[in-house]
Amino acid sequence: MTVAVFEELRFVWELLAAEFVLLLPFAQQRKNFVFRVVVCWLVMSLLSQGYFLILQMDSLLQNNVFRCLVGGWYVVLTLLTIGVSLWCFRLTFTDALFICISGYAMQHIVYILIHELLALHLWKELTQNLLLYVLVSLGASVVVFGLFWRLFAKKLALCEGRIMPGMAQGVFFQVMMLIGLIFCTFACQTFFWNAPGLELQAVQLGLVVCLMILGLEHGTLNVILARKEQTVIEQILQNSARQYALSKEMVDHINRTCHDLKHNLQVLKTIDAGQRRAYIEEAERNIARYHELVHCDDEVLNTILGEKCLFCSHRDIRLSCAVDGGNLSFVSTPDLYALLGNAIDNAIECVDRFDDPEKRVISLTITTHNAFTCIQTNNYCEDTPEMADGLPVTTKGKPGQRGFGLKSIRYLAEKYGGSMAVDLRDHIFTLQIILPVNQTTTPL
């Protein structure tokens, strides 16, 4: 194999490798994946040699026409990788475009650094040793693709097989990005070849273009993930509103039952004795235990805390609640249910894994001081959780994801002008929510 042959093979190999580096973290592989990859690799390798057929037309065509033909051939090879992605993975055409653009930009960075900057400018003897040239190209690809894999992989994994919907607007945006990227990279290459003494400037310009495109794609990915998280959080809040209505109905029913039973027991005391009296006294103790669920004069708080205390009692979890003048009247009922419900549920999920009764304890305090209301939960936590963006990485679902319960808490705290913080010391996990009293909500 000659250096010229390797140059053409390197383009398709690096481009496919760059795209697969991005595809593997999130896209579902199709059946017979390895076979499909091998077939695509062989076909693309053969097609890459089509450059030499075009090269034979050099003497028959005008210089500008020949250059356009060569450039067009590389564009065709690039577009064919979209088909490779669709044939090997289950993804939308829009997502395949996204991967193609990002992969092309990553591959072109390697091309600029190794072929233009190193082989044609700083170390021209490199191409005289094919094996060394191959190793240097391979090393550069591993480093560059590895860096962008670290940048993109976790976010792509959070997309769960779908980056963006296949709407016409998304397709148009990605097509324009691809056209702009190809045009700018070709312009920088032309500048490199036809501006003696300005090769370094051409290299810098090409790198800036590729990095800018990758930055735009990364920003697009962040926006898409933020929208998905917002949708999930809004769904959680809607579910919380419905759940609160059901919980209030349940607690009201228990209140009515207890009220009726209390009067019935008074009558039974006067007409029966013995075992029935023992039963009556036990029923009275149960009623007294239920009334302990009333923590304050706030009906909404009592409904929420009453439901959670009943649930914890059923799970043999001790939930200690202390409401010391906490003012939460400025928080809407659905938001308050979501806020407290998610905070307590987060603690329940943590302690429910332990068998030791001393570890199955949760404390909740709500206090107001200096125009700020503080909501705090404390619970035992065995391990130190991995933190990302100020939140523990969830132990549920896929690795790298953060729990939407804590995200919804932070969202609601910020909605009311407050903040949320978490801390872990001496195996005690603390969740603290600070809300300014009488703070009007701010749209997010």
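Of note:
- The number of residues in region 188-224 that are among the small types (Gly, Ala, Ser) and within 13 Å of ILE112 (Cβ to Cβ) comes to 2.
- Lone qualifier among ASP356, ASP352, ASP316 - being on the phi > 0 side of the Ramachandran plot and surrounded by fewer than 22 Cβ atoms within 10 Å (Cβ to Cβ): ASP316
- Residue in region 5-17 that is among the charged types (D, E, K, R) and over 25 Å from LEU135 (Cα atoms) present: no
- Test: residue in region 333-341 that is open to solvent by less than 10 Å² (accessible area, probe 1.4 Å) and part of a loop (DSSP other than H, G, I, E, B): no
- Only one entry of PHE354, PHE372 meets the criterion of being out of contact with any helix residue (DSSP H, G or I) (no Cβ under 8 Å at 6 or more places or on another chain) and free of Cβ contacts under 8 Å to residues at least 60 places away in the same chain, and that entry is PHE354.
- Qualifying residue in region 82-90 (condition: surrounded by fewer than 18 Cβ atoms within 10 Å (Cβ to Cβ) and among the hydroxyl-bearing types (Ser, Thr, Tyr)): no
- The selection criterion, being modelled with pLDDT of 90 or more and surrounded by 14 or more Cβ atoms within 10 Å (Cβ to Cβ), does not hold for ALA119.
- Condition check for THR78: under 25 Å from MET1 (Cβ atoms) and either among the hydroxyl-bearing types (Ser, Thr, Tyr) or open to solvent by 90 Å² or more (accessible area, probe 1.4 Å) (or both): yes
- Of the residues LEU9, LEU46, LEU16, LEU42, the single one that is closer than 24 Å to PHE172 by Cα, hydrophobic (A, V, I, L, M, F, W, C) and in a helix (DSSP H, G or I) is LEU16.
- The C-beta contact set for region 94-114 (first residue in contact (Cβ under 8 Å) with a residue 60 or more places away in the chain and open to solvent by less than 10 Å² (accessible area, probe 1.4 Å), second residue assigned to a helix (DSSP H, G or I) and of a type in the set (D, E, K, R), distance under 6 angstrom, 6+ apart or interchain) comprises ILE99/GLU19; SER102/GLU217; GLY103/GLU19; GLN107/GLU14; VAL110/GLU14.
- For region 159-187, a residue qualifies if it is more than 30 Å from ALA119 (Cα to Cα), without any contact (Cβ under 8 Å) to a residue 60 or more places away in the chain and small (Gly, Ala, Ser), and exactly one does: ALA168.
- The single condition among (1) out of contact with any strand residue (DSSP E or B) (no Cβ under 8 Å at 6 or more places or on another chain); (2) closer than 24 Å to HIS108 by Cβ that LYS31 does not satisfy is (2).
- Just one residue in the set GLN169, GLN189 is under 31 Å from the mean Cα position of the chain (by Cα), in a helix (DSSP H, G or I), of a type in the set (S, T, N, Q) and under 24 Å from VAL76 (Cα atoms); that residue is GLN169.
- Look at region 410-435: where a residue is on the phi > 0 side of the Ramachandran plot and a partner is assigned to a strand (DSSP E or B), sitting 6+ places away or on another chain with Cβ atoms under 7 Å, you get GLY417/PRO436; HIS427/TYR380.
- Number of the exception - ILE344 against (1) touching a Phe, Trp or Tyr at 6+ places or on another chain (Cβ under 8 Å); (2) of a type in the set (A, V, I, L, M); (3) at pLDDT 80 or above; (4) not in a loop (DSSP other than H, G, I, E, B): (1)
- Test result for LEU138, assigned to a helix (DSSP H, G or I) and either more than 18 Å from LEU16 (Cα to Cα) or in contact with a strand residue (DSSP E or B) (Cβ under 9 Å, 6 or more places away or on another chain) (or both): no
- Matching option when the condition is modelled with pLDDT of 95 or more, in a helix (DSSP H, G or I) and not hydrophobic (A, V, I, L, M, F, W, C), among THR127, THR81, THR94: THR81
- No other residue among ASP423, ASP389, ASP324 is out of contact with any His (no Cβ under 8 Å at 6 or more places or on another chain) and either modelled with pLDDT of 85 or more or buried (at least 21 other Cβ atoms within 10 Å of the Cβ) (or both) apart from ASP423.
- Of the set (1) open to solvent by less than 70 Å² (accessible area, probe 1.4 Å); (2) over 21 Å from the mean Cα position of the chain (by Cα); (3) in contact (Cβ under 8 Å) with a residue 60 or more places away in the chain; (4) within 19 Å of VAL21 (Cβ to Cβ), all apply to LEU211 but (1).
The values are calculated or read from the model by the stated rules, or taken from the named source; none is laboratory data. It should be emphasised that the depicted structure is a prediction, and the values quoted were computed from it without experimental measurement. Backbone-built Cβ (ideal geometry, glycine too); neighbour counts: all protein chains shown. Note: accessible area is taken over every heavy atom of the protein model, side chains too, but ligands, DNA and RNA are not part of it. Shrake-Rupley method; radii C 1.70, N 1.55, O 1.52, S 1.80 Å.
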